[in-house]
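Written below as structure tokens is the structure these notes are about.
The values are calculated or read from the model by the stated rules, or taken from the named source; none is laboratory data. Nothing here was measured: the structure is a model prediction, and the numbers come from that model. Note that each Cβ is placed from the backbone with ideal geometry, even for glycine, and that neighbours are counted across all protein chains shown.
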Amino acid sequence: MNIKTILQIAAAVTVLVVPGSLHAKSPVDWVDPLIDTHESRWFYFNSACRPFGLVNLSPDTQTKGSWKSGYLYGDSSIRCFSHIHAWQLSGIPVLPTVGEMNGHQGMDAYQSEFSHDDEVVRPGYHKVHLKTYGVTAELTSTTRVGFHRYRYPTTDDAYVLFDVGAMLGHGPTLTAEVTRVNERELAGMTLMKATNRRKRDTPVFFVARFNQDMTSFGGWREGQVEEVVDSIAGKDVGAFVRFETDATEPVLMKVGVSYTSIEGARKNLDAELDHWDFDRVVEESNECWNERLSRIVVEGGYDEQKTKFYTDLWRSMLGRRIISDADGSYADMTTDERRVLRVPLDDDGQPAFAMHNFDAWWGSHWSLDILWPLVCPDVYSDICNTSVQMYKNGGLIPRGPSGGNYTFVMIGDTAAPAIASAYAKGIRDFDYELALEGLVKNTGPTGGRYYGGYAKKPTPSAYEEYQEKGYVSRANALSGGHGRAVTSLTLYNAYHDWCIAQMAKAIGRDDLHDRFIQGATNYRHVIWPEKQSAWVREGDGSWKSDFKPREMRFEQDGFCETSAAVTTFYVPHDPMGLAELLGGADAAAKKLNEQFEASVEERFHLPGRSHGNALVDYANQDGTGMAHYFNRIGYPWLSQKWVRAVQRETFGGTDPYSGYNGDEDQGQMGALSALLTLGLFQFDGGSGIDPKYDITATVFDKVTLRLSDEYYDGKSVTIIANNQAPENVYIQSAKWNGEPLQTCFLPHADLVQGGVLELELGPEPNKSWGN
């Protein structure tokens with residue numbers, strides 16, 4: 001989409017009027033990127049970036065490790081500005097300095113103090129004053145180009161450091177290089193060492209261009225400055241450029257980035273940023289974000305609720321990043337040989353889609369798979385196309401690709417609900433028949449399903465046991481990371497078999513439907529009715545004798561980052577079948593309600609790595625559908641009660657120390673929080689033949705969803721909540737397009753035709769509605 005189109009759309013978008021203000025606020029103005037930044041993950045904090053952008057430029061206060069790294073609000077010094085904060089990827093740290101060149105001494109020496117008092121952070125823009133050097137730095141970007149504006153004092157000793165050999169994020173840099181191309185341009189590469197998740201060493205390339213001539217160029221190696229003419233390369237190397245500056249004239253730097261080659265980085269730079277107007281790019285980025293965020297317009301509610309909602313929506317469109325170049329070239333590392341390939345071109349000779357990098361689909365059936373079809377079906381399509389392209393290249397549908405690598409993050413076959421949900425929602429501009437073929441292959445003995453978390457090889461014995469018995473026991477735990485979580489794997493397999501069966505049925509492959517629908521009941525093999533709980537099976541079929549449904553350890557044999565108490569309710573596709581095993585719907589509702597009541601003081605989540613002790617856990621993915629289980633077994637008023645409580649207590653924070661509870665996996669918790677706020681959800685992940693939305697009460701007076709005319713016939717959906725008040729969480733009655741709606745579900749097929757959903761709210765449950 002070009003900037004003219006974006007500006008036209010943005011001009012037509014309804015803005016939000018702040019009570020008592022003299023001007024209107026657009027959706028983008030409500031976003032606060034600093035929410036819950038006190039313990040960021042490497043990929044968590046983003047400021048100067050576009051939706052799903054390859055470049056995610058922002059300051060780093062910590063640079064080592066995947067956790068507690070990147071930008072941490074409580075820190076007082078900035079170590080660098082780096083251009084990539086992605087799933088298992090990092091790269092190109094730079095910093096402007098003044099005085100004696102000290103880049104060779106490392107970030108501990110050259111980092112600069114800063115203050116939040118004069119810092120400006122908003123989507124697409126970051127401004128910060130580096131107190132140590134008296135430099136004011138501003139950052140923005142296009143999709144593939146970082147743009148810097150540095151205001152130095154008047155000096156002969158202004159530098160930009162390129163610490164390209166430093167450890168950054170997930171691991172060390174194996175080798176790096178920087179070359180002076182001419183007096184205004186540098187080019188370079190860094191090779192990221194493989195991690196236990198991303199198994200292959202992965203390069204990233206850049207071209208940096210300045211608006212004025214350098215006065216000198218130099219470099220260092222292993223802590224020592226070297227005599228450098230035009231290039232430096234090797235291990236632990238870095239480079240610097242020097243300028244003579246005037247306090248009235250800023251130094252501008254554009255950095256094109258690519259995973260394919262230096263030439264790819266240069267082409268990205270030329271294609272996306274052929275001028276030096278920094279303010280124009282800031283405004284274009286702002287409008288780009290506003291166009292995306294304005295696809296949902298809310299009215300009423302409190303300012304804090306609007307801030308959190310639009311920050312949630314913004315976060316949902318950050319982490320699953322583009323990795324292909326502007327011309328469609330991308331690096332493929334799914335085989336033994338690194339290859340640069342190109343996506344197919346459309347009728348206009350443009351790339352038909354963008355390749356993406358993303359963390360696991362694990363848990364996205366209760367977050368992104370539901371929200372994305374409503375706000376960015378075009379990007380959802382791109383990610384489905386990415387999955388099919390990687391299947392063509394490497395023979396497997398990925399569950400978490402990084403830089404063209406398979407990672408096998410987490411466990412299971414989580415691409416199945418994601419792709420099935422896209423198809424069910426009418427997003428079908430990808431080769432869905434080939435996608436189904438890949439999903440089926442993933443369930444085989446050498447398929448992705450039987451790779452344990454981060455494993456290098458599948459575990460065929462687990463496949464064989466699942467085929468024979470319908471479950472995986474402790475005797476056949478998978479290799480790697482989460483491989484001991486055999487009960488979780490069995491539950492995932494049952495759900496994923498159902499998803500594949502549903503997609504197959506819709507496409508007309510009754511043979512595959514009949515084959516996989518049988519596996520959908522396999523969850524019954526790991527729910528022990530006597531204990532009313534998910535349980536662990538031994539190799540001989542017996543139930544594990546010394547098992548504890550609430551275990552203090554982070555992960556015990558059987559369960560993936562959670563407890564048995566939470567996992568018991570992980571049957572998205574057959575909630576009534578689960579209820580039967582738990583003694584009937586009444587008994588199931590009583591059991592779960594008691595778990596919620598017992599979790600009020602914990603605010604429905606446990607901190608850190610204590611998920612194994614949870615009764616209800618909205619801080620990690622496997623527990624994020626629990627409140628909506630009531631809707632599916634005839635107790636919708638309990639869903640209404642607990643959804644609102646979770647939305648308020650778990651996700652309501654709007655300061656740097658709350659809001660996402662430490663584990664916002666590339667938009668998943670943001671998407672979940674947004675859905676809870678809207679009052680729309682899909683307990684089965686929306687992967688069935690006729691998906692429907694679970695309805696609870698929105699916190700706003702009015703919500704307008706602007707539907708994509710590329711995918712849907714309707715123009716918009718409006719949700720009106722009458723008698724809105726904090727205590728009025730219960731739906732008394734509802735209408736859809738003026739007609740009484742007696743059920744707590746709304747079919748996706750009806751919603752995308754457009755219409756008005758009107759809710760009457762009250763402080764006491766109406767147990768006769770929606771049941």
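Computed quantities for the displayed model
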quantity: Residues located in the range 623-636, provided they are touching a Phe, Trp or Tyr at 6+ places or on another chain (Cβ under 6 Å) and part of a helix (DSSP H, G or I); calculated: 626, 627, 628, 629, 632
quantity: Residue in the range 372-393 that is under 21 Å from residue 499 (Cα atoms), outside any helix (DSSP H, G or I) and touching a residue at least 24 places away in the same chain (Cβ under 8 Å) present; calculated: no
quantity: Condition met for residue 62 (under 21 Å from residue 36 (Cβ atoms) and at pLDDT 95 or above); calculated: yes
quantity: Wholly enclosed strands (runs of 3 or more DSSP E) of the range 172-220 bearing at least 3 residues touching a Ser or Thr at 6+ places or on another chain (Cβ under 7 Å) and closer than 13 Å to residue 255 by Cα; calculated: 185-192
quantity: Out of 709, 694, 684, sole residue that is farther than 15 Å from residue 306 by Cβ, among the acidic types (Asp, Glu) and free of Cβ contacts under 8 Å to residues at least 12 places away in the same chain; calculated: 709
quantity: Residue in the range 511-525 that is outside any helix (DSSP H, G or I), crowded, with 19+ Cβ neighbours inside 10 Å and assigned by TED's automatic domain parsing to the domain that holds residue 436 present; calculated: no
quantity: Any hit, the range 228-248, residues being at pLDDT below 95 and either outside any loop (DSSP other than H, G, I, E, B) or in the same structural domain as residue 164 (by TED's automatic domain parsing) (or both); calculated: yes
quantity: Selection within the range 428-447 - closer than 21 Å to residue 344 by Cα and either crowded, with 22+ Cβ neighbours inside 10 Å or charged (D, E, K, R) (or both); calculated: 428, 429, 430, 431, 433, 435, 436, 437, 438
quantity: Among the residues listed as 579, 587, the single one being assigned to a helix (DSSP H, G or I) and crowded, with 19+ Cβ neighbours inside 10 Å; calculated: 579
quantity: Residues (out of contact with any Gly (no Cβ under 9 Å at 6 or more places or on another chain), without any contact (Cβ under 8 Å) to a residue 24 or more places away in the chain and of a type in the set (A, V, I, L, M)) located in the range 491-530; calculated: 517
quantity: Filter result for residue 278 (within 25 Å of residue 185 (Cα to Cα) and aromatic (Phe, Trp, Tyr)); calculated: yes
quantity: Residues (assigned to a loop (DSSP other than H, G, I, E, B) and either over 13 Å from residue 667 (Cβ atoms) or modelled with pLDDT under 95 (or both)) located in the range 39-52; calculated: 39, 40, 42, 43, 44, 45, 46, 47, 50
quantity: Per-region count, the range 548-576, residues modelled with pLDDT under 95, among the hydrophobic types (A, V, I, L, M, F, W, C), part of a loop (DSSP other than H, G, I, E, B) and crowded, with 21+ Cβ neighbours inside 10 Å; calculated: 2
quantity: Flag for residue 278 being at negative phi, among the hydrophobic types (A, V, I, L, M, F, W, C) and surrounded by fewer than 24 Cβ atoms within 10 Å (Cβ to Cβ); calculated: yes
quantity: Selection count where residues are among the polar types (S, T, N, Q), within 16 Å of residue 129 (Cβ to Cβ) and buried (at least 21 other Cβ atoms within 10 Å of the Cβ), scope the range 38-84; calculated: 3
quantity: Of all residues in the range 418-427 being aliphatic (A, V, I, L, M) and part of a helix (DSSP H, G or I), the one that is surrounded by the fewest Cβ atoms within 10 Å (Cβ to Cβ); calculated: 418
quantity: Verdict on residue 166 being touching a Ser or Thr at 6+ places or on another chain (Cβ under 6 Å) and modelled with pLDDT of 95 or more; calculated: no
quantity: Test: residue in the range 594-610 that is in a helix (DSSP H, G or I) and charged (D, E, K, R); calculated: yes
quantity: Unique residue being touching an Asp or Glu at 6+ places or on another chain (Cβ under 8 Å), of a type outside the set (A, V, I, L, M) and not in a helix (DSSP H, G or I) when the list is 349, 319; calculated: 319
quantity: Residue match in the range 641-650 (condition: surrounded by fewer than 23 Cβ atoms within 10 Å (Cβ to Cβ), among the basic types (Lys, Arg) and touching a strand residue (DSSP E or B) at 6+ places or on another chain (Cβ under 8 Å)); calculated: yes
quantity: The range 283-294 residues that are farther than 16 Å from residue 273 by Cβ, paired with ones that are part of a helix (DSSP H, G or I) and hydroxyl-bearing (Ser, Thr, Tyr) (beta carbon under 6 Å, 6 or more apart); calculated: 293/310
quantity: The lone exception for residue 408 - which of (1) buried (at least 22 other Cβ atoms within 10 Å of the Cβ); (2) in contact with a strand residue (DSSP E or B) (Cβ under 7 Å, 6 or more places away or on another chain); (3) free of Cβ contacts under 8 Å to residues at least 40 places away in the same chain it fails; calculated: (3)
quantity: Count of the range 448-470 residues which are more than 20 Å from residue 415 (Cα to Cα) and either in contact (Cβ under 8 Å) with a residue 24 or more places away in the chain or not assigned by TED's automatic domain parsing to the domain that holds residue 399 (or both); calculated: 2
quantity: Which listed residue is in contact (Cβ under 8 Å) with a residue 40 or more places away in the chain, surrounded by fewer than 20 Cβ atoms within 10 Å (Cβ to Cβ) and in the same structural domain as residue 207 (by TED's automatic domain parsing), from 156, 118; calculated: 156
